[in-house]
Amino acid sequence: MVGQALARTSPRGPANLPARTREPPRQARRTSPRGPANLPARTREPPRRRTPAGPAFEERAVSRASGYRPVVPSYRSTPWILILGGLFGLLAAFQLTLEKFAIVADPDYSPACDINPVLACGSVIITEQAEAFGFPNPIIGLISFAVVITMGVLLLARVELPRWIWLGLNAGALFGFGFVIWLIVQSLYVIGALCPWCMVAWAATIPVFWQVTADNAAAGRLSGNSGPGAIAQTVASLRWVLIGATFLVILALIFIRWMDFWLGA
């Protein structure tokens, strides 16, 4: 009954056809968020990343566009100089505050830092220069050096600081540096005595000022440009020279002012 037999068929084609002529099964194309799975890897659409929003991200985007990086300081030594300078300065301001209270309570009190006629805290604390703004100068040191320590700790922890905070820190350091120069002139040529704890505060303020200024100059924060200018590069590269030169000038002035006393003449 070959003529009456019906040819058997299947979804793949007639069963009596050769294997090579059979139509291969059609497979459904699998799709994924990145694109069809059977496309080459280069043509697949990459996954879209979620873009963060908020003031912090916008500030970082502007910072990258301008070339300014507020995340870390320009020098690794900046946080340590701020912390150490702030600690020594805070200690000096605290000791001067205690000595001031003791002198106010007892006019005959002799401070422990009265070493000789030249190095004498008592001779300086009772002067008008010790209250330049109507209140004891150490109060300024207690506040200022506490801020300096806080800034150093934040930088050491790699906390992101915007440009205006760096400039504010530089402005405060500049004021402190100028105030120190004024106090040095007054001590040498008006009062005629040196306060040891005051000198500790001077020694803490000088490197803080030059280091912060050099850091801002190297990062281009002073000019707001993507890079520092010629003057800023010079200040940044010579920061240690400037710190050492400042100390040498002060020591030379002190030696010349009381040369006879130091030489025992």
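Here are the numbers for this structure:
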{"read-out": "Test for Trp210: is it crowded, with 22+ Cβ neighbours inside 10 Å, more than 21 Å from Leu96 (Cα to Cα), at pLDDT 95 or above and not basic (Lys, Arg)", "value": "yes"}
{"read-out": "Any chance Ala93 is closer than 16 Å to Ala201 by Cα, free of Cβ contacts under 8 Å to residues at least 60 places away in the same chain, surrounded by 17 or more Cβ atoms within 10 Å (Cβ to Cβ) and touching a Pro at 6+ places or on another chain (Cβ under 8 Å)", "value": "no"}
{"read-out": "Breaking point among (1) exposed (fewer than 14 other Cβ atoms within 10 Å of the Cβ); (2) within 20 Å of the chain's Cα centre (by Cα); (3) in a helix (DSSP H, G or I), for Val147", "value": "(1)"}
{"read-out": "Pairs where the first residue, in segment 137-157, is within 19 Å of Ile125 (Cβ to Cβ) and the second is hydrophobic (A, V, I, L, M, F, W, C) and not in a helix (DSSP H, G or I), C-beta under 8 Å, 6+ apart", "value": "Ile140/Phe133"}
{"read-out": "Qualifying residues in segment 96-115 (those that are of a type in the set (A, V, I, L, M) and touching a residue at least 40 places away in the same chain (Cβ under 8 Å)) - the one farthest from Trp166 (Cα to Cα)", "value": "Ile115"}
{"read-out": "Helices (runs of 4 or more DSSP H) enclosed by segment 213-265 - at least 3 residues per element that are at pLDDT 85 or above", "value": "239-257, 259-263"}
{"read-out": "Number of the exception - Ile184 against (1) closer than 25 Å to Ser74 by Cβ; (2) in a helix (DSSP H, G or I); (3) in contact (Cβ under 8 Å) with a residue 40 or more places away in the chain; (4) hydrophobic (A, V, I, L, M, F, W, C)", "value": "(1)"}
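The values are calculated or read from the model by the stated rules, or taken from the named source; none is laboratory data. Predicted model, so just to flag it, every value in this text is computed and none were measured. Glycine gets a Cβ as well: all are built from the backbone with ideal geometry, and neighbour counts include every protein chain shown.
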